[in-house]
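Q: Structure in structure tokens, see below.
The values are calculated or read from the model by the stated rules, or taken from the named source; none is laboratory data. Not measured: the values here are computed from a predicted model. Cβ sites come from the backbone with ideal geometry, for glycine too, and all protein chains shown count toward neighbours.
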Amino acid sequence: MHRRPIRALALALLLPAGVGADPVPPPAIGSVVPDFQATSVEGDAVSLREATAQHKAVVLLFLSTVCPYANRFAGHIHELADTYRDRGALFLGLYSNGWESRDEAAAHAREHGFDFPAIKDEHHAIADLVGATTTPEAFVLDSTGRLRYRGRVMSKQESPELQRALEDVLAGKPVRTPVTKAFGCAIGGS
């Protein structure tokens, strides 16, 4: 009679966490992005909650060492990070592809002059947390940790969506176009 609860408990202990559970939907515009802790490729601790508390805006920027779209916009990303740093924005570069090593991510960040924290997102946990699927893809959070923009860095016609979103967030205004379709390369690999 008591075997059924024991079997269920044994099965639950053997299954990996999350198996059979519904996936958590990505944060919606206006909702708080869950905190995460990570270590940059330089060895520095990064906490999303601390970053948002210390900055007017935080940009989670999903990058790739090999994606031609991410590399095409690398100069623009570098300029944005430099320009908006003095205005209170922090960029965090996230390398989520399974086939890219921590060393490759570090070399890529150095090659493109990214002087913001670069993070090797092991097992694309952070990408899954926010629903990132593409490189490059940007997520702009305000100082309360609320998601204000998600989408492309810039359109093929070089319309600066990320820059506009940053301007709006830093001015304390609603982002005019809070969601755009990111185009580029799929995040993948395990």
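Q: Can you tell me which condition LEU94 does not meet? The list is (1) in a strand (DSSP E or B); (2) on the phi > 0 side of the Ramachandran plot, and all the others hold.
A: LEU94 satisfies every listed condition except (2).
Q: A further question follows. Name the residues in segment 36-61 that are under 14 Å from the mean Cα position of the chain (by Cα), touching a residue at least 24 places away in the same chain (Cβ under 8 Å) and more than 22 Å from GLU104 (Cβ to Cβ), would you?
A: LEU48, ARG49, ALA51, THR52, ALA57, VAL58
Q: Continuing with this model, one more query. Could you tell me whether any residue of segment 110-121 is part of a helix (DSSP H, G or I), at pLDDT 95 or above and not hydrophobic (A, V, I, L, M, F, W, C)?
A: Yes, segment 110-121 contains a residue that is part of a helix (DSSP H, G or I), at pLDDT 95 or above and not hydrophobic (A, V, I, L, M, F, W, C).
Q: Can you tell me which of (1) at pLDDT below 95; (2) within 20 Å of ALA125 (Cβ to Cβ) is the one PHE36 doesn't meet?
A: Evaluating PHE36 over (1) at pLDDT below 95; (2) within 20 Å of ALA125 (Cβ to Cβ) leaves (1) as the failure.
Q: When the residues of segment 160-183 are filtered to those that are surrounded by 17 or more Cβ atoms within 10 Å (Cβ to Cβ), outside any loop (DSSP other than H, G, I, E, B) and in contact with a Ser or Thr (Cβ under 8 Å, 6 or more places away or on another chain), which remaining residue is modelled with the highest pLDDT?
A: The qualifying residue modelled with the highest pLDDT is ALA165.
Q: Now for a different question. Go through segment 138-159 and report how many residues are surrounded by 15 or more Cβ atoms within 10 Å (Cβ to Cβ), out of contact with any helix residue (DSSP H, G or I) (no Cβ under 7 Å at 6 or more places or on another chain) and without any contact (Cβ under 8 Å) to a residue 60 or more places away in the chain.
A: Residues meeting the conditions: 0.
Q: Restricting to segment 80-137, name every residue that is under 14 Å from ALA186 (Cα atoms), crowded, with 23+ Cβ neighbours inside 10 Å and in contact (Cβ under 8 Å) with a residue 60 or more places away in the chain.
A: SER96, ASN97, ALA127, ALA132, THR135, PRO136, GLU137
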